[in-house]
2 protein chains.
Amino acid sequence: MRNKRDVYLDDRPWEAALAGLLEHLEAIGYLVPGVPEEVPAEDALGRVTAEPVFARHSSPHYNASAMDGIAVDSSLTFGASEASPKQIRLGPRAQVVDTGDPMPPGCDAVIMIEDVHFVEDDLFEITSAAAPWQHVRAIGEDVVATEMILPANHRIRPMDIGGMLAGGVTGVKVYPRPRVALLPTGTELVQPGTDLKPGDIVEYNTRVLGAMVRSWGGEPLRWPITEDNWDSLQNSLLHAVEQADIVVINAGSSAGREDYTAQLIRELGTVLTHGAAIKPGKPVILGEVKGKPVIGVPGYPVSAYLVMELFVQPLVYKKLGLVPPAPATTEAIISRKMPSPMGVEEFVRVKLGQVGEKIIATPISRGAGVIMSLVRADGMLRIPRLSEGYRAGETVTVELMRPLAEVRQTTVVIGSHDMALDVLANHLRRKFPDAGLASANVGSLGGLAAIKRGECHCAGTHLLDEDTGEYNISYVQRLLGDRPVILLNLVYRQQGLLVAKGNPLNIKGLADLAREGIRFINRQRGAGTRILLDYRLKQLGIQPDSIYGYNREEYTHMAVAAAVASGSADAGLGILAAANALGLDFVPVVEERYDLCIPGEYWDTPYIKRLLEVLATPEFKRQVTALGGYDLRNCGEIMYRQGI
Amino acid sequence: MRNKRDVYLDDRPWEAALAGLLEHLEAIGYLVPGVPEEVPAEDALGRVTAEPVFARHSSPHYNASAMDGIAVDSSLTFGASEASPKQIRLGPRAQVVDTGDPMPPGCDAVIMIEDVHFVEDDLFEITSAAAPWQHVRAIGEDVVATEMILPANHRIRPMDIGGMLAGGVTGVKVYPRPRVALLPTGTELVQPGTDLKPGDIVEYNTRVLGAMVRSWGGEPLRWPITEDNWDSLQNSLLHAVEQADIVVINAGSSAGREDYTAQLIRELGTVLTHGAAIKPGKPVILGEVKGKPVIGVPGYPVSAYLVMELFVQPLVYKKLGLVPPAPATTEAIISRKMPSPMGVEEFVRVKLGQVGEKIIATPISRGAGVIMSLVRADGMLRIPRLSEGYRAGETVTVELMRPLAEVRQTTVVIGSHDMALDVLANHLRRKFPDAGLASANVGSLGGLAAIKRGECHCAGTHLLDEDTGEYNISYVQRLLGDRPVILLNLVYRQQGLLVAKGNPLNIKGLADLAREGIRFINRQRGAGTRILLDYRLKQLGIQPDSIYGYNREEYTHMAVAAAVASGSADAGLGILAAANALGLDFVPVVEERYDLCIPGEYWDTPYIKRLLEVLATPEFKRQVTALGGYDLRNCGEIMYRQGI
């Protein structure tokens, strides 16, 4: 039996841990780029110069006419004026030239063809004198032989290729791409595409890390999966430090495993740090084996991503003689409270949206295991080590993971989730490639609250008034009475009980939820579905207490469906589309109305106009209908307006 | 004989010309991406999704322990507390699990290993109850089967590869890379690496344009050089429109040639625009042949680059279902007057540097033929069509061609040029990869004026006081009397006459410049070398008027040397290093002192400290000495200080 593990971990600020690693590597002479290699200049895009590049010849390498016209000995033209034009006959000291032609011997100026008047086939007239060297591109006007075209340690861009070739440089010495060995370890890992058994984990981390390395200018070397045994791991590691410049051991998903990795690195070399004060990514290992840095990267994908950025990116850039580019940032307003433990620098993925003048940052899942939190993020927010987090409304700096221009064009929908929003997002992106739709799922009431706080362009809402049986209107009046808003219908949809295929427990309706042995999975407080459930339970006289699982909450229809599909729950209230998606059975309970609540000030803006345009397309309607359980009879129609 | 050409050219704003092209292409159904192709998800970095990507399975696909610990049936733990601990024996409903292990049947919670105390080998004690589903990663916590992982028209990033593989998606439909045919035309063109004759032009444009296409996500197809004859050009064009999605005809450098290209496009298809109100790039041709856009790109490299950015980049992005990213910009102060013709949008390359609180933009060569102006530029400034230019000191928006962080770390040297500055720039970059040195050559007096205006961190200066024979000090006192400054010696250097190899005209000194048949090349007014020349001429009693070429000015030593090497001049005053670089003979005239003038406020900043560090290295001194004509006896020493 293992004992408490955390006591073994260091708790250093990541900057100190990185500095310690770099210091150690500097001391052993590692921190210099590899032996330069020569590549053709025209294929050198993105490579880094290993030495300054000097011009071999000048460009132009001869005195060239800069115009179409007539090259002349300028002394022939002196004295010409409007009052006394001068006629010159073509000959050795007056020759027709095109742009780029060499200047004929004896000629020292070019007269533009627009400025001459031919009076005979070979006789022309001018009305002004030519200054010596006018319209002549002198030798070396662009590049002078021996001048420096590019400094060392410069990443080559398209124009740099032109500069080199203009200067006669056809081959260029560049630093080799740093090779980064990526070692996936763990007996539970399987390759993508394998049929999955419970306990199998798809080895996708090294694919992500490899793409990161590639985007920095390094060369990823992906190792086969190494099983959890000492000899295999030792063999892989020894082989990797021979082949690569940097070795990354991805510790699988077992939190105990990095101890094992650390022990191995210590045996073969040095462990400089095991554990940093970051979240996620705490169990990182920084070490050195046979002169090469060895980084132990935790198994959870977000931890792995972050550790790569913090510790491996600087190494790759050092080996290229560069420093990593500073990420683009933006100021943003935190949309909700974000507590964070003291003593740990936390990295929070956020969605961003421009609402009014402000950019709003809304945190998304903080789970280190959720790769989709990186996929969906627009930015990364760092909560400093000596902070306990942020209050809602605080202004913070966010590192951008998507261009700010795109963020600015994104329609922000906060509220209840419906799959029609995904379809909408997709069609929107196709029709307006520079725009998009970002949705945050906080339930119907949460959406109206977000409107009140000015955090979104619209809110998805399906709130049943228990007294009138009407949807949304009374809630809007009560919660947003002073605000001009429009309720626009998106869909009507079936809500019902999601149950396992074949309905083995024979659940016929909400009344069955209180039965012994039925495990329910609920939606969170404030969700329209939760309100609907409570309303119906009251009508049926069922006490929430009597339902096993009433307090187990999920935030989306799909999460509820997933719980039922996994067998961890027997029933949940949700929409037909979610049941269909995961092959579940569906027991209808009610048809409900799902609207978008739109503040008046956004009604006439592109954020909303783009949505309306997409809602009007037959493809959108066809695709939503195909999901099942939807009726689009009022889609895009205004159901209610106030103050507008 | 050709006639005036400009009358044939349109003069539309480029936005209107582009809109016209897109409208035409939209009407013929061209503006949609190509037929999607499937690629392995793990190789899809940088590709663009052709359809939304939906998860094939959930991740995790089973309920997994989120901790190392003991999976339990939570009901066994109810009632445990500090006051009354509970003992549980390992068995089917209490099993040891590692992070990632599947939850055993009958277990619905995990107790962290840190929270249990083993009293026997298989008996443990707990002091708090486990909540159902605590420390369990439920099925679909990351990705739920059928959910949308990526929208269509999305450029794939490293984390997206992880999202896809986590959701069981191993192949992804992406848009094909748009193929861009690049046709270099011109009988005068030769391939890089060819031995050059006068009139030869190295065909490097399509290499630059190809790299641009590649960096946007397209596939460049470089055609062989097509000679200037109708049949060859027609064959190349017809072949290209068959093979590629976009055809670029690079019109060589003859300004007359694009008429020819336009005529051919008109014969085979449609010319929509010939000529746009831009500078450089005016003679652009936008057309369509057999359903494909055909763009005639002028031959000058800067024109070609700009036309690619304005007209071809949007096409490539359209074919990828994307819009081009907005360039990063910065506000900057114009350092000098920048007139520009009305009616034309001018694109000016600028150097940028942070001096004090301001970012200063200094224009560099405006010649369309100078590829080095793109290589050296930090940013591009657009002077609008309806503007006559900018006054010095105006605030403008500049599109960045180098990261702003790098600009901020750059030491800005304005003034006289010396080759030791190039060596300094190179060593600086090696020692401090995120810093750099930018030098603008405006002569010694121009440099002191730039200090006065607060536009640089230091100025290179070698100004001889005609009365005292002393360098720089009296000028600094006179021009910067109220400013604390330091004069730091960089080098002593030989100035002399640069003459052709073997000195065929037997030039022995300045007195010979007034001889019949000697063509001189001068430096610009304000240059220290020019002042030295004037001083010596006065001493010798020589009238400037008597020197042929006295009014022909160049801005650098190397440009003077190049003029002599090309035979367009017989002598120029300059430094030995420039003569050596181009294999010229050198007639010594005087040794002079070259200092850096540093305003007091920058003396203690990294901008200057980094320079001092490099000046102190033996490698710097060795490399400058090797250039020839230098003496570093006072290098890095303070020669004079005032007010500090």
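The values are calculated or read from the model by the stated rules, or taken from the named source; none is laboratory data. Quantities reported herein were computed from a predicted structural model and do not represent experimental measurements. For neighbour counting, all protein chains shown are included, and Cβ atoms are generated from backbone atoms with ideal geometry for every residue, glycine included. Just the protein is used for accessible areas: all its heavy atoms, side chains included, with ligands, DNA and RNA removed. Shrake-Rupley method; radii C 1.70, N 1.55, O 1.52, S 1.80 Å.
Look at the range B:446-469: where a residue is within 19 Å of B:E592 (Cα to Cα) and among the charged types (D, E, K, R) and a partner is in a strand (DSSP E or B) and at pLDDT 90 or above, sitting 6+ places away or on another chain with Cβ atoms under 8 Å, you get B:D465/B:Y471.
Out of the range A:476-518, which residues are out of contact with any helix residue (DSSP H, G or I) (no Cβ under 9 Å at 6 or more places or on another chain) and not in a helix (DSSP H, G or I)? Selection gives A:G481, A:D482, A:N489, A:Y492, A:G502, A:N503, A:P504, A:K508, A:R515, A:E516, A:G517.
Being in contact with a Leu (Cβ under 6 Å, 6 or more places away or on another chain) and away from chain A (no Cβ under 14 Å) is a condition met by at least one residue of the range B:558-571. Considering every residue within the range A:248-258, establish whether at least one is at pLDDT below 95, of a type in the set (A, V, I, L, M, F, W, C) and surrounded by fewer than 16 Cβ atoms within 10 Å (Cβ to Cβ). Within the range A:248-258 (the criterion being at pLDDT below 95, of a type in the set (A, V, I, L, M, F, W, C) and surrounded by fewer than 16 Cβ atoms within 10 Å (Cβ to Cβ)), the answer is no, since none of the residues qualifies.
Charged (D, E, K, R), surrounded by 13 or more Cβ atoms within 10 Å (Cβ to Cβ) and closer than 30 Å to B:A276 by Cβ: which single residue out of B:R12, B:R56, B:R47 fits that description?
Details: B:R56 fails: closer than 30 Å to B:A276 by Cβ; B:R47 fails: closer than 30 Å to B:A276 by Cβ.
Of the residues listed, the single one that is charged (D, E, K, R), surrounded by 13 or more Cβ atoms within 10 Å (Cβ to Cβ) and closer than 30 Å to B:A276 by Cβ is B:R12.
If you scan the range B:426-441, which residues turn out to be in a helix (DSSP H, G or I) and touching a residue at least 12 places away in the same chain (Cβ under 8 Å)? Selection gives B:H427, B:L428, B:K431.
Selection of the range B:442-475 for residues being assigned to a helix (DSSP H, G or I), more than 28 Å from B:P363 (Cα to Cα) and either outside the structural domain of B:L537 (by TED's automatic domain parsing) or of a type in the set (V, I, T) (or both) yields only B:I473.
If you go through the range A:511-556 and keep only what is among the charged types (D, E, K, R) and touching a His at 6+ places or on another chain (Cβ under 9 Å), you end up with just A:R523.
Restricting B:D195, B:D200 to those that are of a type in the set (D, E), open to solvent by 20 Å² or more (accessible area, probe 1.4 Å) and without any contact (Cβ under 8 Å) to a residue 40 or more places away in the chain reduces the list to B:D195. When you check B:R402 against the structure, is it within 14 Å of chain A (Cβ to nearest Cβ) and assigned to a loop (DSSP other than H, G, I, E, B), yes or no? For B:R402, the condition - within 14 Å of chain A (Cβ to nearest Cβ) and assigned to a loop (DSSP other than H, G, I, E, B) - is met. Set side by side, the residues A:E554, A:E516 differ, and just one is over 27 Å from A:A449 (Cβ atoms), of a type in the set (D, E, K, R) and open to solvent by 10 Å² or more (accessible area, probe 1.4 Å), which is A:E516.
Could you check, for the range B:485-508, whether at least one of its residues is more than 21 Å from B:L463 (Cβ to Cβ), hydrophobic (A, V, I, L, M, F, W, C) and in contact with a Ser or Thr (Cβ under 9 Å, 6 or more places away or on another chain)? No, there is no match, as no residue in the range B:485-508 is more than 21 Å from B:L463 (Cβ to Cβ), hydrophobic (A, V, I, L, M, F, W, C) and in contact with a Ser or Thr (Cβ under 9 Å, 6 or more places away or on another chain). When each of B:P224, B:P192 is tested for being assigned to a loop (DSSP other than H, G, I, E, B) and farther than 23 Å from B:L374 by Cβ, the lone residue that passes is B:P224.
Looking at the range A:611-631 only, could you name the residues that are open to solvent by 30 Å² or more (accessible area, probe 1.4 Å) and touching a strand residue (DSSP E or B) at 6+ places or on another chain (Cβ under 7 Å)? Hit for the range A:611-631 is A:D631, nothing else. Only residues that are under 23 Å from A:V190 (Cβ atoms) and free of Cβ contacts under 8 Å to residues at least 60 places away in the same chain were counted across the range A:209-231, and they come to 14.
For A:R525, the conditions (1) open to solvent by 30 Å² or more (accessible area, probe 1.4 Å); (2) away from chain B (no Cβ under 14 Å); (3) closer than 21 Å to A:G629 by Cα; (4) under 41 Å from the mean Cα position of the chain (by Cα) all hold with the exception of (3).
Collect the residues in the range B:577-607 that are β-branched (V, I, T) and crowded, with 20+ Cβ neighbours inside 10 Å, keeping them in residue-number order.
Within the range B:577-607, B:I598 is the sole residue that qualifies.
Going through (1) in contact with a strand residue (DSSP E or B) (Cβ under 8 Å, 6 or more places away or on another chain); (2) of a type in the set (S, T, Y); (3) open to solvent by 10 Å² or more (accessible area, probe 1.4 Å) one by one, B:S81 falls short only on (1). Scanning the range B:292-327 for residues that are polar (S, T, N, Q) and closer than 23 Å to A:V407 by Cα turns up just one, B:Q313. Among the residues here, A:F118 qualifies as without any contact (Cβ under 8 Å) to a residue 40 or more places away in the chain, part of a strand (DSSP E or B) and either at the interface with chain B (Cβ under 9 Å from one of its Cβ atoms) or out of contact with any helix residue (DSSP H, G or I) (no Cβ under 6 Å at 6 or more places or on another chain) (or both). On inspection, A:A438 qualifies as open to solvent by less than 20 Å² (accessible area, probe 1.4 Å), within 14 Å of chain B (Cβ to nearest Cβ), among the small types (G, A, S) and in contact with a Gly (Cβ under 7 Å, 6 or more places away or on another chain).
Residues that are part of a helix (DSSP H, G or I) and open to solvent by less than 10 Å² (accessible area, probe 1.4 Å) within the range A:405-425 comprise A:V407, A:A420, A:L421, A:L424, listed in sequence order. Taken as a whole, the condition of being open to solvent by 20 Å² or more (accessible area, probe 1.4 Å), at the interface with another protein chain (Cβ under 7 Å from one of its Cβ atoms) and either acidic (D, E) or not in a loop (DSSP other than H, G, I, E, B) (or both) applies to A:S215.
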